[in-house]
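*Asks:* Starting off with a structure, shown below.
The values are calculated or read from the model by the stated rules, or taken from the named source; none is laboratory data. From a predicted model like this one, the values you see are computed outputs, not experimental measurements. Cβ: placed from backbone, ideal geometry, glycine included. Neighbour counts: every protein chain shown.
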Amino acid sequence: MGTASSEPRDRTPAPVEYAAAVDRYLGQACLGPASRRVYRISLAAWAWPLVGQRAPRGERRRGAAPPVVPLALLDDQATGARLAAALADRAASADARTVNRELSALRSAVGWWLDQEWIRTDPTAGLRHLATSVAVLPPLTPGQIASLFQATTSLREHAFWRMLYDTGGPVGDVLQLDVGQLDLARHRVHRRPEPGTRLQWREGTTQLLCWLLAGRPDGPVFITVRRAPTGSAPAHTCPVTGRARMSYRRAAEIFTSATIPLDPAGRGWTLHQLCLAGQDRTAPLTHRL
C-alpha cells in the first residue's frame, strides 16, 4: 500500500471521476517512479470491472484507454460482486503474485479514499488474496529498523511501529489495547494479557504515546482518521473523537506501502517482520527521537 500520512487533515472536495481519484492518491503516495507506474497500471485496469466490463488482455491491455468511471460507483452495492468476478477472471490468466499485487494496489487506494471520506464503503472488503507458496520472511535487520524510524510518516504510525518493535508482541494484541490499559509511568500495560507476553516498551515510545493520546483519556489507543460507522461497538470507538479502532488489515497495508521505498525489492515489508525483529533484538535501536 503507497500510503499517505494518516494524520487528520483539512478535507478537500471529492473528485467526481475514479481516474482523478487515482491521480490524487498517487500524488501523495510514498512510491518510487517504478512502483508508481506499476500502481497506476494496476489501478487503471480496475476501471473496466467497476463498470462491468472485461479489461483488455495481452497487447491490447497495454496503452488501452480505461472507461470513465464515477467515483461514487464504488459505493454501489453491486460493485463488490463485479470486482470479485473480475478477480476470478484475472486469476485465470495471470499468476497469483501479479493478481495479489493488483488487488493490494486497489485496496491501498480505497483505504486512502475512505480516510478522505470520498467514499463510504469498501468494495474490496470481501475480496481475498490468492494462495501462493508461503515464503519465510526474515526479521528486519537493525539497518532496516533504523531506516524505518527515520522515514517521514505520521505520529500514529511511529508510535504503533515503535511499540511493536519494543514489545515484540502480537500485532492483534497491540491493536486491541485501550488507553486505560497503559501504565505510561512504567512503560508497560497494567496487566499482561497472557503469561509470557512481553508488553513493555522504552521511554521514547512512551513519549510518542503521550503525544498521540493527548486529550484522549479512554478508548482504543490506535484509531482511524475517520469516524466509526453508525452502530459500531462502543468498545471499538473513541468516545472523544468518534473514530474507530484501527483494523489489522489497514495497519498491515499502511506498513507495507510505507516501506516499499525502503525495500530494494520494491515489495515492502510486513508487520510480522517488524515483530520478529523486536523478539530477536540483540542491540539497542540506533535511531533517537
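*Asks:* Only residues that are in a helix (DSSP H, G or I), more than 22 Å from D263 (Cα to Cα) and either touching a strand residue (DSSP E or B) at 6+ places or on another chain (Cβ under 8 Å) or not assigned by TED's automatic domain parsing to the domain that holds D218 (or both): list them for the range 144-193, please.
*Replies:* Within the range 144-193, T167, L175, V179, Q181 qualify.
*Asks:* Right, something else. Yes or no: the range 35-49 includes at least one residue that is at pLDDT below 85, under 17 Å from the mean Cα position of the chain (by Cα) and on the phi < 0 side of the Ramachandran plot.
*Replies:* yes
*Asks:* For the range 29-42, what are the residues that are free of Cβ contacts under 8 Å to residues at least 60 places away in the same chain and either surrounded by 19 or more Cβ atoms within 10 Å (Cβ to Cβ) or farther than 19 Å from N100 by Cβ (or both)?
*Replies:* Of everything in the range 29-42, just one residue is free of Cβ contacts under 8 Å to residues at least 60 places away in the same chain and either surrounded by 19 or more Cβ atoms within 10 Å (Cβ to Cβ) or farther than 19 Å from N100 by Cβ (or both), namely P33.
*Asks:* Tell me, yes or no, whether the range 39-61 has at least one residue that is hydrophobic (A, V, I, L, M, F, W, C) and farther than 26 Å from T12 by Cα.
*Replies:* Yes, some residue in the range 39-61 is hydrophobic (A, V, I, L, M, F, W, C) and farther than 26 Å from T12 by Cα.
*Asks:* Starting from residues that are part of a helix (DSSP H, G or I) and aliphatic (A, V, I, L, M), keep the ones in the range 256-271 and report whichever is nearest to R36 (Cα to Cα).
*Replies:* Among residues in the range 256-271 that are part of a helix (DSSP H, G or I) and aliphatic (A, V, I, L, M), the one nearest to R36 (Cα to Cα) is I260.
*Asks:* Follow-up question, since we're still on this one. Take V110 and decide whether it is closer than 16 Å to Q28 by Cβ and assigned by TED's automatic domain parsing to the domain that holds W46.
*Replies:* It is true that V110 is closer than 16 Å to Q28 by Cβ and assigned by TED's automatic domain parsing to the domain that holds W46.
*Asks:* All but one of (1) within 30 Å of D280 (Cα to Cα); (2) modelled with pLDDT under 90 hold for D115; state the number of the condition that does not hold.
*Replies:* (1)
A quick yes/no check of all residues on (1) polar (S, T, N, Q); (2) surrounded by fewer than 20 Cβ atoms within 10 Å (Cβ to Cβ); (3) part of a helix (DSSP H, G or I):
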| site | (1), (2), (3) |
| --- | --- |
| Q207 | yes, yes, yes |
| W211 | no, yes, yes |
| G215 | no, yes, no |
| D218 | no, yes, no |
| T224 | yes, no, no |
| G231 | no, yes, no |
| A235 | no, yes, yes |
| V240 | no, yes, no |
| A244 | no, no, no |
